[in-house]
Every structure is written in C-alpha cells, then in structure tokens.
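Data first, discussion second: the structure below is written as structure tokens.
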Amino acid sequence: MKNFPDEYCALVLGDTGALGQAFVSALRSDARCARVMGLSRTSTPSLVLEDEGSLRDCATCVARGGPFHLIIDATGALIIDELGPEKRLDDMDAHHLSRAMQINAIGPAMLLKYFSPCLVTGGRSIWAKLSARVGSIEDNRKGGWYGYRASKAALNMFLQTAAIEITRRRPQVVIAALQPGTVRSRLSQPFVGEEGIAPEIAVSKLLQVIDDLPPSGRAHFVDHEGQSIPW
C-alpha cells in the first residue's frame with residue numbers, strides 16, 4: 001500500500017471468511033503496516049451483522065485502537081440459512097429475501113454508520129467493501145439470483161450515498177465497492193467447483209487496485225483488475 005504513510009493501520013471486518021483471512025494475511029505481511037485488527041462473529045468483542053447493538057459496541061471498542069487508514073468490510077453471504085440464490089421468480093421467499101437484505105445490505109450499512117468515524121481524518125483513508133458484479137443493474141444480462149442481486153444493488157446504493165456525505169466533510173476519504181472475481185472458497189464451491197482464482201491472488205490484486213483509487217467525492221465500483229463496473 002504505497003499511498004499510505006509508513007506504519008499505517010488497518011481493520012478487517014469479517015476476518016474469518018476466505019477473503020477476510022487473505023486480507024489480514026496480506027496486510028500483516030506488508031512491512032509498512034503497523035497494525036492489523038480483525039473482527040468477526042467469533043472475535044472478542046463479537047461482530048454480529050444482524051445485531052446493531054453488537055456493531056455499536058464493537059466500534060466503540062475498536063475506536064480505542066484507531067484511527068485506521070484502511071477499513072475493509074469483507075462481510076456478506078451467498079448461501080444463507082443453507083439456501084442458495086434463487087434461480088426463478090417461483091423460488092423467491094419473503095423471509096429469505098429479508099435475510100439476504102439484512103446480511104448483504106443493511107448490516108454493512110450499519111457498519112458504515114458505526115465504523116467510518118474510525119477512519120483517519122486529515123489524510124488519505126479508504127473504506128473498501130466487498131460487493132459483486134451481479135449487484136450492477138446495468139450489467140444484469142442473465143437474470144436469476146434475485147435476493148443476492150437485489151441485496152448487492154442495495155449495498156452499492158448505500159455506499160454511493162454514504163460516499164457523497166462522508167467526502168463533503170473529509171474529501172480525502174475513498175469509498176470503494178469491490179468485485180473480487182470468481183474466488184475459490186468453501187461457499188462458492190457449489191457454484192464454481194474448482195474454477196476461479198485463489199483468495200490470496202484476488203486480495204493481492206484488490207489491494208493494488210484500491211491503493212491507486214483517487215478521492216473523487218463519489219464511490220468507486222471496480223473489479224480486481226481495476227476496471228470500473230457500471231452501477
């Protein structure tokens with residue numbers, strides 16, 4: 001991360017998933033990174049997306065170890081309550097749609113609310129959130145995956161709206177929605193098999209991409225190759 005000062009600090013939210021673990025490992029291997037903190041359901045304190053009080057308490061605790069130059073939100077889920085994405089309208093279920101929104105959009109929005117104040121003020125800082133290309137309304141060419149698509153589209157709107165507000169007060173903050181590519185992981189295996197890229201490679205590329213993103217007063221929606229994705 002060449003565009004941060006020496007001894008920069010980072011925080012990874014959702015550090016137990018394949019990509020979250022890879023982010024923590026990559027940042028800890030960066031000699032210029034002084035400290036990497038991670039939070040998840042199994043950490044102390046525990047980060048529970050569906051429990052706003054949990055998020056508020058975690059942010060209060062973490063703020064004592066901040067501020068942070070980089071906060072990465074690696075939370076989210078494709079398979080929820082052992083159910084995968086819907087392929088047809090007939091497969092949709094109101095409760096499952098609500099759960100997808102809670103985990104992939106509302107929870108991350110609350111993370112922004114409580115943790116974005118932990119970013120460095122008066123200098124460059126980055127809020128990077130794992131999103132998905134299927135959250136692009138313009139890029140939707142295949143249909144299906146209703147709840148996952150809709151929740152990621154909602155997430156992207158939260159990020160864009162927050163970016164406009166946050167950068168009015170702190171113009172050097174960068175907000176980014178990230179498409180990591182097709183990554184091999186336990187959760188993606190039923191859909192991609194052994195295809196896709198290793199989490200470590202995806203994370204290495206994503207860190208390079210976000211390091212080069214300029215402050216713009218808007219959110220960026222980019223893939224692991226640095227290409228912009230239409231909202």
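Just to confirm a number: summing +1 for Lys and Arg and -1 for Asp and Glu over residues other than VAL209 whose beta-carbon lies under 12 angstrom from that of VAL209, what do you get?
Values: positive: LYS205; negative: ASP211, ASP212, ASP223, GLU225.
Every neighbour counted, the sum reads -3.
Could you tell me what percent of the DSSP beta bridges with both partners in the chain are antiparallel, to the nearest 5?
Working: 2 of 29 bridges.
Around 5 percent of the beta bridges assigned by DSSP in the chain are antiparallel ones.
Please enumerate, by chain and number, the lysines with C-alpha under 21 Å from the C-alpha of LYS87, excluding those fewer than 8 residues away in the same chain.
Output for LYS87: LYS142, LYS152.
Calculate, for LYS113 and ASN140, the FRET efficiency according to 1/(1 + (r/R0)^6) with r their C-beta to C-beta distance and R0 30 Å; round to the nearest 0.05. Please report the intermediate quantities before stating the final value.
Details: r = 28 Å, r/R0 = 0.93.
Once rounded, the FRET efficiency stands at 0.60.
Between the DSSP loop rule and a limit of at most 12 other Cβ atoms within 10 Å, which trypsin sites (Lys or Arg not before Pro) in the stretch 137-170 are left?
Details: sites: ARG141, LYS142, ARG149, LYS152, ARG168, ARG169; in loops: ARG141, LYS142.
Those that pass, being in a loop and sparsely packed, are ARG141, LYS142.
What is the antiparallel percent of DSSP beta bridges lying wholly in the stretch 9-127, to the nearest 5?
On the way: 1 of 13 bridges.
That works out to approximately 10 percent antiparallel.
Across 5 Å bins from 0, what is the distribution of all Cα-Cα pair distances for the stretch 28-171, in whole percents?
That works out to 2, 9, 17, 20, 18, 14, 10, 6, 3, 1, 0, in percent per bin.
Taking amide H atoms as placed 1.01 Å from N in the peptide plane, list the residues 5 or more away in sequence, or in a different chain, whose amide H sits under 5 Å from that of HIS220.
ILE175, ALA176, ALA177
First measure r as the distance between the Cβ atoms of ASP81 and SER43, then evaluate 1/(1 + (r/R0)^6) with R0 = 22 Å and state the FRET efficiency to the nearest 0.05.
The computed FRET efficiency comes out at 0.50.
What does the C-alpha gyration tensor say about the overall shape of the stretch 1-87? Classify as rounded when a/c is under 1.5, otherwise prolate if a/b is larger than b/c, or oblate. Before the final figure, lay out the partial values.
On the way: a/c = 2.71, a/b = 1.50, b/c = 1.81.
Judged from the Cα gyration tensor, the stretch 1-87 comes out oblate (a/c at least 1.5, b/c at or above a/b).
Taking a probe of 1.4 Å, how large is the accessible area per residue of the chain, in Å²?
Details: 11100 Å² over 231 residues.
On a per-residue basis, the chain sits at 48 Å².
Between GLN227 and SER98, what FRET efficiency comes out of the Förster formula 1/(1 + (r/R0)^6) with R0 = 41 Å and r the beta carbon distance, rounded to 0.05? Before the final figure, lay out each step's value.
On the way: r = 33 Å, r/R0 = 0.79.
Calculated transfer efficiency: 0.80.
Obtain the nm distance between the two label points defined at ASN3 and GLU200 by a simple spin-label model: each point lies 7 Å from its Cα along the Cα-to-C-beta direction.
Roughly 2.7 nm, to one decimal.
At a 1.4 Å probe, what is the % contribution of carbon and sulfur to the accessible area of the stretch 90-231? Spell out each step's value before the answer.
On the way: 3590 of 6760 Å².
Carbon and sulfur together cover 53 percent of it.
The values are calculated or read from the model by the stated rules, or taken from the named source; none is laboratory data. Keep in mind it's a predicted model, so treat the numbers as computed, not measured. Note: ideal-geometry Cβ built from the backbone for every residue, glycine included; neighbour counts use all protein chains shown. Heavy atoms of the whole protein, side chains included, go into the accessibility calculation; ligands, DNA and RNA do not. Shrake-Rupley method; radii C 1.70, N 1.55, O 1.52, S 1.80 Å.
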